[in-house]
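A.B. asks: The structure follows.
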Amino acid sequence: MAEVKVKVQPPDADPVEIENRIIELCHQFPHGITDQVIQNEMPHIEAQQRAVAINRLLSMGQLDLLRSNTGLLYRIKDSQNAGKMKGSDNQEKLVYQIIEDAGNKGIWSRDIRYKSNLPLTEINKILKNLESKKLIKAVKSVAASKKKVYMLYNVQPDRSVTGGAWYSDQDFESEFVEVLNQQCFKFLQTKAETARESKQNPMIQRNSSFASSHEVWKYICELGISKVELSMEDIETILNTLIYDGKVEMTIIAAKEGTAGSVDGHMKLYRAVNPIIPPTGLVRAPCGLCPVFDDCHEGGEISPSNCIYMTEWLEF
């Protein structure tokens with residue numbers, strides 16, 4: 001008589017225990033877990049039981065569903081965002097999560113389509129719905145006038161998107177930059193004149209004529225000529241244009257940690273200069289002070305034939 005083998009079915013696990021274990025795994029791996037991770041950690045659980053537990057956690061808003069190069073990812077949902085997305089379907093939650101991951105640089109609708117694998121018409125519908133709920137916002141990028149990127153509603157856009165203090169509604173504020181240029185140079189000129197009038201020895205006069213970028217920044221802020229908040233980095237950008245114009249020179253000194261204007265134990269100092277002799281023709285040419293001189297070549301993105309500074313110089 002042939003031996004009959006009976007397959008013993010493992011007892012059904014408690015659904016609550018499965019859900020709790022999945023939550024524990026998500027806490028252990030905050031960047032997300034794949035279905036393979038869940039399967040490795042719970043080999044005795046049938047695929048159908050795992051799917052039921054995951055779908056229940058998704059429907060309760062405890063997990064986020066993401067897509068990656070390796071497939072689907074499950075990540076623990078932030079409790080703050082869980083309330084915002086209450087009542088949203090999984091597709092809407094997925095798009096919201098993709099936008100959240102993009103941070104303050106935002107993400108283009110086509111990139112959302114690539115990451116979500118959803119039709120563009122469906123994505124546009126979801127984006128409008130999220131915008132109406134004031135969960136996300138569309139921001140125009142200065143890099144492309146017709147390109148909009150999406151980010152969370154309360155996120156401040158990155159400078160690479162808005163252009164920083166030098167742009168207003170995607171337009172470069174050339175007059176504003178020129179006013180800042182003049183005021184920064186005026187401050188350094190005044191400091192240099194005060195140093196000369198002190199009648200001290202030349203070395204002390206020279207050292208006294210220098211001002212840190214923090215001092216220039218403080219002066220500009222006190223003038224109140226800017227409607228937007230300027231950073232010290234913004235002022236250093238203006239000071240760099242004065243260096244390229246040959247009106248200012250810069251030196252770097254060691255500074256104690258915590259000193260106003262110091263970065264990593266160093267401080268930039270600037271002073272107004274007057275050339276002793278007229279510069280030579282080569283130096284007066286834009287190439288003599290061009291910061292991207294090494295990248296300039298015919299046929300490249302930067303070349304003499306399309307250089308606006310060279311054109312203006314030749315016309316002058």
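The values are calculated or read from the model by the stated rules, or taken from the named source; none is laboratory data. All values reported here derive from a predicted model rather than from experimental measurement. Virtual Cβ from ideal backbone geometry, glycine too; neighbours counted across all protein chains shown.
A.B. asks: Tell me, which residue of segment 6-20 that is among the charged types (D, E, K, R) and surrounded by fewer than 16 Cβ atoms within 10 Å (Cβ to Cβ) is modelled with the lowest pLDDT?
C.D. replies: So the first thing to find is which residues in segment 6-20 are among the charged types (D, E, K, R), and the list is 7, 12, 14, 17, 19.
In the following step, the residues that additionally are surrounded by fewer than 16 Cβ atoms within 10 Å (Cβ to Cβ) were identified as 7, 12, 14, 17.
Details: Lys7: 43, Asp12: 60, Asp14: 79, Glu17: 85.
Filtering segment 6-20 for residues that are among the charged types (D, E, K, R) and surrounded by fewer than 16 Cβ atoms within 10 Å (Cβ to Cβ), the one modelled with the lowest pLDDT comes out as Lys7.
A.B. asks: Does Arg284 qualify as being over 27 Å from the mean Cα position of the chain (by Cα) and at pLDDT below 80? Outline the logic, then answer.
C.D. replies: Details: over 27 Å from the mean Cα position of the chain (by Cα): yes; at pLDDT below 80: yes.
When the stated conditions are applied, Arg284 passes them.
A.B. asks: While we're on this one: Against the conditions (1) touching a residue at least 12 places away in the same chain (Cβ under 8 Å); (2) out of contact with any Cys (no Cβ under 9 Å at 6 or more places or on another chain), where does Tyr219 fall short? Just the number, please.
C.D. replies: Condition (2) is where Tyr219 drops out.
A.B. asks: Hey, among the residues in segment 244-268 that are touching a residue at least 40 places away in the same chain (Cβ under 8 Å) and surrounded by 14 or more Cβ atoms within 10 Å (Cβ to Cβ), which one's farthest from Gln183 (Cα to Cα)?
C.D. replies: The extreme case among them is Met267.
A.B. asks: Whether any residue in segment 33-48 is assigned to a helix (DSSP H, G or I), buried (at least 17 other Cβ atoms within 10 Å of the Cβ) and either assigned by the TED database to the domain that holds Ser116 or in contact with a Lys or Arg (Cβ under 7 Å, 6 or more places away or on another chain) (or both) is what I want to check.
C.D. replies: Taking segment 33-48 first, the residues assigned to a helix (DSSP H, G or I) are 35-41, 47-48.
Within this subset, residues satisfying the condition of being buried (at least 17 other Cβ atoms within 10 Å of the Cβ) are 37-38.
When the remaining residues are screened for being either assigned by the TED database to the domain that holds Ser116 or in contact with a Lys or Arg (Cβ under 7 Å, 6 or more places away or on another chain) (or both), the result is 38.
The answer is yes; a qualifying residue exists.
A.B. asks: Take the residues of segment 134-190 that are among the aromatic types (Phe, Trp, Tyr), surrounded by 13 or more Cβ atoms within 10 Å (Cβ to Cβ) and modelled with pLDDT under 80: which is farthest from Val95 (Cα to Cα)?
C.D. replies: Trp166
A.B. asks: Can you find even one residue in segment 61-75 that is of a type in the set (Gly, Ala, Ser), at pLDDT 80 or above and within 30 Å of Leu118 (Cβ to Cβ)? I'd like the intermediate steps shown before the answer.
C.D. replies: Step one: of segment 61-75, the residues of a type in the set (Gly, Ala, Ser) are 61, 68, 71.
Filter once more, keeping what is at pLDDT 80 or above: none.
The answer is no; no qualifying residue exists.
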